[in-house]
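Asks: To start, I am sharing the structure in question, which I have written as structure tokens.
The values are calculated or read from the model by the stated rules, or taken from the named source; none is laboratory data. Quantities reported herein were computed from a predicted structural model and do not represent experimental measurements. Note: ideal-geometry Cβ built from the backbone for every residue, glycine included; neighbour counts use all protein chains shown. Calculation scope for accessible area: heavy atoms of the full protein, side chains included, ligands and nucleic acids excluded. Shrake-Rupley method; radii C 1.70, N 1.55, O 1.52, S 1.80 Å.
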Amino acid sequence: MTVQCHDAVEEVGVWLTGEFSGRVPATTVADVVRATRRDLEGRIATEELGEMLHRMARARLQRLLSADGRIPRSR
């Protein structure tokens, strides 16, 4: 998935909302994407934001499906 930095959060949110449709509410997907973006802030190169945001948010949503409903955080 290729995403431009300036709209990475929006595009990743749309992408993952579609992927997890029917399994995770859209509001939860948005919360996970925003939380993941905050966790990545200042930790990776700007040009890598889209890819890392997608990968990490997707992994968190997958864990969320098998967890107790809390948004998984980075360690």
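Asks: Cβ-Cβ under 7 Å, sequence separation 6+ or interchain: first residue in the range 1-28 and of a type in the set (Ser, Thr, Tyr), partner modelled with pLDDT under 95 and part of a helix (DSSP H, G or I). Which pairs?
Replies: Thr2/Gly50
Asks: Any chance the range 2-11 includes a residue that's modelled with pLDDT under 90 and crowded, with 17+ Cβ neighbours inside 10 Å?
Replies: Among the residues of the range 2-11, at least one is modelled with pLDDT under 90 and crowded, with 17+ Cβ neighbours inside 10 Å, which makes the answer yes.
Asks: Let me ask something else. Return the total of residues in the range 43-64 being touching a helix residue (DSSP H, G or I) at 6+ places or on another chain (Cβ under 7 Å) and open to solvent by 60 Å² or more (accessible area, probe 1.4 Å).
Replies: 4
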